[in-house]
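The values are calculated or read from the model by the stated rules, or taken from the named source; none is laboratory data. Being a predicted model, the structure only gives us computed values, none of them experimental. Counting neighbours? That spans all protein chains shown, and the Cβs are built from the backbone with ideal geometry, glycine included.
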Amino acid sequence: MKYLILLVGAFLALSSAQANAQRVYENNPPKGKVYVYKTVDGVDREIEVFFPKGKQASKKPVPGIILFHGGGWGGGSREAFSYQCNYFASRGIVAATVTYRLASKKDKAELKKNESRKRLCIPDAKSAIRWYKQHAAELGIDPKRIIAGGGSAGGHISLLATTNPGLNDPNDPKGYDTSVAAYVLFNPALTAGDASDSEVDFLQHVKANFPPAIAFFGSNDTWLKGWNAAQEKLKSLGNNSVETQIANGQKHAFFNSQPWADATLIAADKFLNKLGLIKGEPTLKTEAKLIAGP
């Protein structure tokens, strides 16, 4: 009984610490260095970069991760991934979170028949990745070891920006592609409805050489069906490099709250460690458990 009381006490203390950390983050999110990766019609598109402590570009380049926020392709802000970027930077890699064009109802009305408004977000994501590679030496990153990802709509955008050869901004610097070494995806929003516009349908662009990826979903997330279809397509192509982790009983965007924010980061950390993109053990702890998906 005494052991049980101590165990419960430790669990409650950990949960309280996580909750306190989440409140601190929400009231005063960590900040990186803001750059403008391009300007469109007088509006700056920004990328916020979080550097490892003491990082200098003159030292050996490190991997970089670039994350795109969610918000239904029409909302959200880059601060959504400040917590994750700050953690990845603490683990020795350069991390970035991006502002991109958001599709409005007016934008949708101006599109051609069968064109999805989602396509409007993708050129900026491609521009941001190219800027990241173009400025790799300045930022201290290895352009061949860039990880892409994002949450919900941002996960979808990151996938299309790195697999679809179309939807390029003609003003982007030449000589930089948008390929990446790996993905960290937080319930990417894929759906069979995307098939009506091939430019936004991941299943029409996925190939056998798709890089290693880890994706996080709640078991009650309705978007999981679309991801399962993508994973089946990959398996049919002979690609088994994708790992899915499930939070039992959770819904969409579960990773935005504790303890799941830390649980997903710990799993992502271990995944990147296996790929040689992060060294050492995760520096977070949680009692929350993710389970392996199909």
Please count how many residues of segment 90-119 are touching a Phe, Trp or Tyr at 6+ places or on another chain (Cβ under 8 Å) and not charged (D, E, K, R).
8
Of everything in segment 177-201, what is in contact (Cβ under 8 Å) with a residue 60 or more places away in the chain, of a type in the set (A, V, I, L, M, F, W, C) and touching a His at 6+ places or on another chain (Cβ under 9 Å)? Give them in sequence order.
189, 200
Return the residues of segment 206-224 that are touching an Asp or Glu at 6+ places or on another chain (Cβ under 9 Å) and part of a loop (DSSP other than H, G, I, E, B); say none if nothing qualifies.
212
Set 272, 277, 203, 265: member being modelled with pLDDT of 95 or more and in contact with a strand residue (DSSP E or B) (Cβ under 6 Å, 6 or more places away or on another chain)
277
Against the condition outside any helix (DSSP H, G or I), touching a His at 6+ places or on another chain (Cβ under 7 Å) and either surrounded by 19 or more Cβ atoms within 10 Å (Cβ to Cβ) or basic (Lys, Arg) (or both), how does residue 76 come out, does it pass?
yes
Taking the options 230, 267, 292, 253, name whichever one is in contact with a helix residue (DSSP H, G or I) (Cβ under 9 Å, 6 or more places away or on another chain) and either without any contact (Cβ under 8 Å) to a residue 60 or more places away in the chain or not aromatic (Phe, Trp, Tyr) (or both).
230
If residue 266 passes every condition in (1) within 18 Å of the chain's Cα centre (by Cα); (2) more than 16 Å from residue 65 (Cβ to Cβ); (3) in a helix (DSSP H, G or I) but one, which one does it miss?
(2)
How about segment 116-196: which helices (runs of 4 or more DSSP H) wholly inside it have at least 2 residues that are under 28 Å from residue 253 (Cα atoms), modelled with pLDDT of 95 or more and within 17 Å of the chain's Cα centre (by Cα)?
122-134, 153-163
Exactly one condition in (1) modelled with pLDDT under 95; (2) assigned to a strand (DSSP E or B) is false for residue 4; which is it?
(2)
Return yes or no: is residue 117 in contact with a Lys or Arg (Cβ under 7 Å, 6 or more places away or on another chain), touching a residue at least 24 places away in the same chain (Cβ under 8 Å) and not hydrophobic (A, V, I, L, M, F, W, C)?
yes
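Would you mind finding the one in 95, 89 that is at pLDDT 95 or above, among the small types (Gly, Ala, Ser), surrounded by 21 or more Cβ atoms within 10 Å (Cβ to Cβ) and not in a helix (DSSP H, G or I)?
Exactly one of 95, 89 is at pLDDT 95 or above, among the small types (Gly, Ala, Ser), surrounded by 21 or more Cβ atoms within 10 Å (Cβ to Cβ) and not in a helix (DSSP H, G or I), namely 95.
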